[in-house]
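Inspection log for the structure reproduced underneath, given as structure tokens.
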Amino acid sequence: MTTVSCWSAKGGSGTTVVAVAIATLRGRESEHGALLVDLAGDCPSAMGLPEPNGPGISEWLAAGDQVPADALGRIEQQVSEQVALLTSGRGAIEGIDRARELLDALGSEPRDVVIDLGRLASATGVVSEVAAVLAAGCDQSLLVTRPCFLSLRRALASPVRPTGIVLVTEEGRALGRREVEDIVGVPVVAEVPIDASVARAVDAGTLAMRMPRGFERWLRHAA
Ligand SMILES: Nc1ncnc2c1ncn2[C@@H]1O[C@H](COP(=O)(O)OP(=O)(O)OP(=O)(O)O)[C@@H](O)[C@H]1O
Ligand SMILES: [Mg+2]
């Protein structure tokens with residue numbers, strides 16, 4: 001099994017959509033299914049699920065040592081035959097010691113693990129330490145970005161270096177795949193166009209259930 005983290009340098013890049021799609025594809029293909037870990041809070045909605053009201057990662061992180069790592073198994077939700085979801089919870093994603101424990105627990109999972117880390121860069125350079133530990137510790141750390149110089153500049157200032165880029169392309173941009181690879185210094189592992197079928201599936205909450213065929217093909221090499 002492998003651990004994959006998805007993160008962005010600017011909001012609205014397509015990170016949640018890519019994370020949900022990779023988890024869905026991994027779930028179908030891996031013997032043990034996939035676990036999607038949401039640190040950014042949008043995964044349930046992107047999967048057409050109701051707003052979660054139980055404890056999530058933030059509560060587990062805040063609980064400290066009295067709550068063991070295997071309690072994670074009790075707060076996850078099986079959302080389809082192949083995919084389980086660990087929701088973000090309601091509090092802040094804080095607690096650096098527990099972050100390492102979380103990474104170890106996810107690393108010893110028999111399932112493929114996909115983490116939506118949200119934004120991992122900011123204008124001031126300050127980012128969630130927990131998210132940074134998870135991004136740096138995953139087998140694959142995917143920067144999801146538009147071919148936008150401001151996003152790429154922020155990504156370079158992030159404390160985490162990605163292992164690959166998922167490039168969400170749109171018409172009219174001056175930067176192409178080659179320029180993006182040159183700027184960030186890591187390969188583009190998938191190019192995903194902005195496409196109405198994807199936006200509609202997200203809005204209808206059907207992305208995980210009925211993924212647009214094109215989207216599956218574009219993402220195939222990402223993870
Ligand atoms: N390939 C795509 N084609 C069309 N629309 C897309 C695509 N990817 C994402 N979107 C749309 O773009 C918007 C932002 O996507 P998403 O929420 O995944 O970004 P994000 O990086 O997770 O944002 P945030 O920083 O808020 O977490 C959503 O409306 C989504 O439906
Ligand atoms: Mg998101």
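For the range 3-219, the relative contact order is 28 percent, taking Cα pairs closer than 8 Å that sit 6 or more residues apart in sequence and dividing their mean separation by the residue count.
A dipole drawn for the chain from +1 and -1 charges on Cβ atoms has a positive end, and of A136, L152, A9 the residue lying farthest that way is L152. Between the residues A121, V202, V166, the greatest Cα displacement towards the positive end of the dipole of the range 97-205, with unit charges on the Cβ of Lys, Arg, Asp and Glu, is found for A121. Can you bin the range 140-223 into rounded, prolate or oblate? Criterion: square roots of the alpha carbon gyration tensor eigenvalues sorted a ≥ b ≥ c, rounded for a/c under 1.5, prolate for a/b above b/c, oblate for the rest. Judged from the Cα gyration tensor, the range 140-223 comes out prolate (a/c at least 1.5, a/b above b/c). Between R220 and E81, the C-beta separation translates, for a Förster distance of 25 Å, into a calculated FRET efficiency of about 0.75. Based on DSSP H segments of at least four residues, each scored -39500 (n - 2.57), the chain has a per-residue ellipticity at 222 nm of -10500 deg cm²/dmol. Annotation: the residues L175, L134, L150, sorted from fewest to most other C-beta atoms within 10 Å of their own C-beta, follow the order L150, L175, L134. Each of I96 and A123 was given a label point 7 Å from its Cα along the Cα-to-Cβ line. The distance between the two points is 2.6 nm.
As a calculated quantity, the FRET efficiency between R177 and R74 at R0 = 30 Å, using C-beta atoms, amounts to about 0.10. The modelled label-to-label distance between E170 and E51, using points 7 Å beyond Cα along the C-beta direction, is 2.7 nm. Does a label point 7 Å from the Cα of R213, set along Cα-to-beta-carbon, have any residues of the range 168-196 with amide nitrogen under 20 Å, and which are they? The answer is 191-196. Sorted largest first, the principal axis extents computed over the alpha-carbon atoms of the range 3-219 equal 52, 38, 28 Å. Ranked for footprinting exposure by Cβ neighbours inside 10 Å, fewest first, C148, C43 give C148, C43. Ranked for footprinting exposure by Cβ neighbours inside 10 Å, fewest first, R146, R220 give R220, R146. Compute the separation of the alpha-carbon centres of the range 94-153 and the range 197-223 and state it in Å as a whole number. Between the Cα centre of the range 94-153 and that of the range 197-223, the gap is 22 Å.
Between E31 and D195, the modelled labels are 3.2 nm apart [label points 7 Å from Cα along Cα→Cβ]. Mean-square fluctuations from a GNM of the chain, with a 10 angstrom spring cutoff on Cα atoms, peak among A204, A21, A174 at A174.
Throughout, read-outs are computed from the coordinates displayed, never taken from laboratory work. All figures in this text were calculated on a predicted structure; none of them were measured in a lab. Cβ sites come from the backbone with ideal geometry, for glycine too, and all protein chains shown count toward neighbours.
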